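Below is one structure; the comments refer to it alone.
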Amino acid sequence: MGISCTVTQGVAEVIIDRPPVNALDVASWKALAATLAEVGADPSVRVAILAAEGRGFCAGVDIKELDGAGSEALIGVNRACFAAFAAVYECAVPVIAAVHGFCLGGGVGLAGNADVIVAADDASFGLPEVDRGALGAATHLARLVPQHKMRAMVYTGQRASAAELHGYGSVLEVVPRAGLRDAARAVARVIADKSGTIIRAAKESLNGIDPVDVKKSYRFEQGFTYELHLTGVADEARKAFVEKRPARFDK
């Protein structure tokens, strides 16, 4: 369990497996970042698939790791998430996210930075950050849905379905859950059959013309998470989530 990787005929499959909901702790985010860096540095790899086992793709940060912890813990989480999201974006080869079930918070950060998304018909995408006393990954959600949809999702915490994202063009294919990994592999095979040198150049060129600096904008969002932590309001939001009760805010 944790983060694993296999490489077959130029296709690397990076798998998230951290039950019960693939909520990642600091060590797991760092392991994911390191694995993706190794994948990109392997000259035999031409494309990567990022997928998950279990009930959903990724539920984001392991909130329990922050419950009652101080500022250093939050800084650690922020840096680890930043590294993992950046590793997807900066991976020298295209990354295909194979998303099933829930894709929340940090999961949106991973999928939003991927080059291609293939989703199961049960997949849903959302940012519950406001309800957890945090901000972040709107940078990545904005790559998946239109601007005003993104804002509504941030404020309300409502999710968008895979079918809706397919309508926006951000999800390439929606398939039955049982066929998700095969669908991702089929797309990967098309890419892997091309020149590795050209594909790597294409990835670098597309990042170079990206109109948004995803690392800078995400880092800006993280600053507000730390500010909310300092005010104390984030503590109540996280505590309420862990204790499975409504949050009580006085400001």
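Rule-based calculations on the coordinates, nothing more; no lab input. As the structure is a prediction and not an experimental result, all values here were calculated from the model. Cβ sites come from the backbone with ideal geometry, for glycine too, and all protein chains shown count toward neighbours.
Evaluate Rg over Rh across the range 13-162, taking Cα atoms for both radii and Kirkwood's formula for Rh. The partial results should precede the final answer.
Numbers: Rg = 14.5 Å, Rh = 15.3 Å.
Over the Cα atoms of the range 13-162, Rg/Rh equals 0.95.
Show log10 I(q)/I(0) for the range 149-219 at q = 0.13, 0.15, 0.19, 0.24 Å⁻¹, two decimals, from a solvent-free Debye sum over equal Cα scatterers.
Taking Cα atoms of the range 149-219 as identical point scatterers yields -0.65, -0.84, -1.10, -1.11.
With axes computed from alpha carbons, what is the tilt in degrees of helix 71-90 against the longest principal axis of the chain, rounded to the nearest 10 within 0 to 90?
Around 20 degrees separate the two axes.
Could you give the distance between the Cα centres of the range 65-108 and the range 236-251, to the whole Å?
Value for the Cα centre distance between the two parts: 23 Å.
Regarding the range 111-251, what are the three Cα extents along the principal axes, ordered largest first, in Å?
57, 35, 26
Per residue and in cubic angstrom, what volume does the convex hull of the Cα atoms of the range 66-151 have? The partial results should precede the final answer.
Details: hull volume 8.5 nm³, N = 86.
Once divided by residue count, the hull of the range 66-151 is 98 Å³.
Let me have the 222 nm mean residue ellipticity of the chain computed from DSSP H runs of 4+ only, each contributing -39500 (n - 2.57), with the sum over all residues rounded to the nearest 500.
On the way: 10 runs with 119 residues, N = 251.
Estimated from H runs of four or more residues: -14500 deg cm²/dmol.
Give the percent of DSSP beta bridges with both residues in the chain that are antiparallel, rounded to the nearest 5.
Working: 9 of 31 bridges.
Of the beta bridges lying entirely in the chain, close to 30 percent run antiparallel.
Taking the highest mean first, how do the peptides 127-138, 38-49 order by number of other beta carbon atoms within 10 angstrom per residue? Before the final figure, lay out each step's value.
Values: 127-138: 22.7, 38-49: 19.5.
Highest-to-lowest ranking by the protection proxy: 127-138, 38-49.
Rounding to the nearest 10 and keeping the result within 0 to 90°, find how far the Cα-based axis of helix 196-208 lies from the longest principal axis of the chain.
The answer is roughly 40 degrees.
Ranking ILE198, ILE96 by Cβ neighbours within 10 Å, fewest first, what do you get?
Values: ILE198 10, ILE96 25.
The most exposed by this proxy come first: ILE198, ILE96.
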